[in-house]
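Notes to accompany the following structure.
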Amino acid sequence: MMHDPWLEAHAYLRPVAGLSAEVNRAAAGIEGLVAPIPDWEDYRSDYLAGVPLLSSAAAAVDLEPGGRMVEALVSRLASATSSDAEWLAAETSALATELRREPQVSRRIAEFLLGDETIILPSPGLLRYLAWTAVARYLRPVTKAFGEWRDEEKWLRRYCPTCGSLPAMAQLVGADPGRKRLLSCGCCGTRWQFKRTGCPFCETDAQRLSSVTIEEEPGLRIDHCESCSGYLKTYDGEGNEHLLLSDWSSLHLDLIAHDRGLKRLAGSLFEFEPARQPNGGEVS
Ligand SMILES: [Zn+2]
Ligand SMILES: [Zn+2]
């Protein structure tokens, strides 16, 4: 179990921190396949037209080997004997059994991750989380090279340039006048530039953003849109991206936002289910 000042101060995050650490440990132990770097010139016109890298036929990044890494990760978690979370071993062994029955499963996991809604796979919430953990590793050399190649000013879109997901969080970097806002993908881990003001969830021009700062959390704030009520948790700092952009490390901000009537429109691998009010209108 990790000992981090953040977790000392937020004891209620320890179960999810433990889960994340265990899955990362297992992912580090499987055979790492490596996605080949695409020819950027083949992809350039799709990039300029707003086609995410993984959806581009011209870039032709094959996610299928990443799908095989997902199968290996699920099997490894299923056979873990000393698990911090017993339910994880039980859930993953049920999932591993079901995946073995699926035809062409590595290919279909890849298509499932890219949003093909015709692909129905077992335990989709858990699978999506585990699958992105493995596939983000498979893609790491590509996402790194992509970050070096792409001209951020020519994207500035609300969805991830690599995988097309909506952002999970945002980050403010640098100092004025050159201060920038990056959006952060909760799936593949890409960070990309977006306009400083403006809402990534609605594209009306008249949108206004407001901020909620939380006294005890100087590095984090909640930016929300007055036209669609969507909010984005924002890390106002640099150097601790690994923890503070992980989404799970700030689940308490989602609770605060929910209490203020804001809507989570951001993408998330963590199925966020705020506690239901006894007389609330929401039914799960
Ligand atoms: Zn992404
Ligand atoms: Zn909005």
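We did not get these values from a lab; they are worked out from the coordinates using the rules stated. For clarity, every value in this text was computed on a predicted model and none was experimentally measured. Reconstructed Cβ throughout: ideal geometry from the backbone, glycine too, with neighbour counts over all protein chains shown.
Our estimate of slack between Glu216 and Ala90, defined as 0.36 nm per intervening residue step minus the Cα-Cα distance, is 41.7 nm. Between Ala145 and Glu238, the modelled label-to-label distance comes to 2.6 nm, taking each label 7 Å out from Cα in the direction of the beta carbon.
Relative to the compact-globule estimate of 2.2 N^0.38 Å, the Cα radius of gyration of segment 1-123 comes out at 1.31.
Extending 7 Å from Cα along the Cβ direction at Arg107 and again at Arg157 yields two label points whose distance is 2.6 nm. For the residue pairs Lys144/Lys233; Lys195/Lys233; Lys144/Lys263, alpha carbon separations beyond 21 Å are given by Lys144/Lys233; Lys144/Lys263. Reducing segment 138-208 and segment 1-75 to their Cα centroids gives an inter-centroid distance of 17 Å. At full extension, Lys180 and Trp40 could sit 47.9 nm farther apart than now, given 0.36 nm per residue minus the alpha carbon distance. Hull volume per residue, based on the alpha-carbon atoms of segment 9-57 and their convex hull, is 151 Å³.
Treating r as the C-beta distance of Glu31 and Ile256 and R0 as 45 Å, the FRET efficiency rounds to 0.60. Shown is the FRET efficiency for Glu117 and Asp62, computed with R0 = 22 Å from the Cβ-Cβ distance and rounded to the nearest 0.05: 0.55. In the chain, helices alone account for a calculated mean residue ellipticity at 222 nm of -12000 deg cm²/dmol, with every DSSP H run of four or more residues adding -39,500 (n - 2.57). Computed from backbone phi, the HN-Hα couplings of segment 215-221 come to 3, 7, 10, x, x, 10, 8 Hz, rounded to whole numbers (Karplus: 6.51 cos²θ - 1.76 cosθ + 1.60, θ = phi - 60°; Gly and Pro given as x).
Among the GluC sites (Glu not before Pro) in segment 97-169, those located in a DSSP loop and surrounded by at most 16 other Cβ atoms within 10 Å of their own Cβ are Glu117. Just tell me which aspartates and glutamates come within less than 13 Å, Cα to Cα, of Lys180; anything on the same chain fewer than 8 places away is out. Qualifying aspartates and glutamates at Cα under 13 Å: Glu152, Glu153, Asp236, Glu238. Eigen-decomposition of the gyration tensor built on the alpha-carbon atoms of the chain gives equivalent ellipsoid semi-axes of 29, 26, 18 angstrom, largest listed first. Residues Met69, Met169, arranged from fewest to most other Cβ atoms within 10 angstrom of their Cβ, appear as Met69, Met169.
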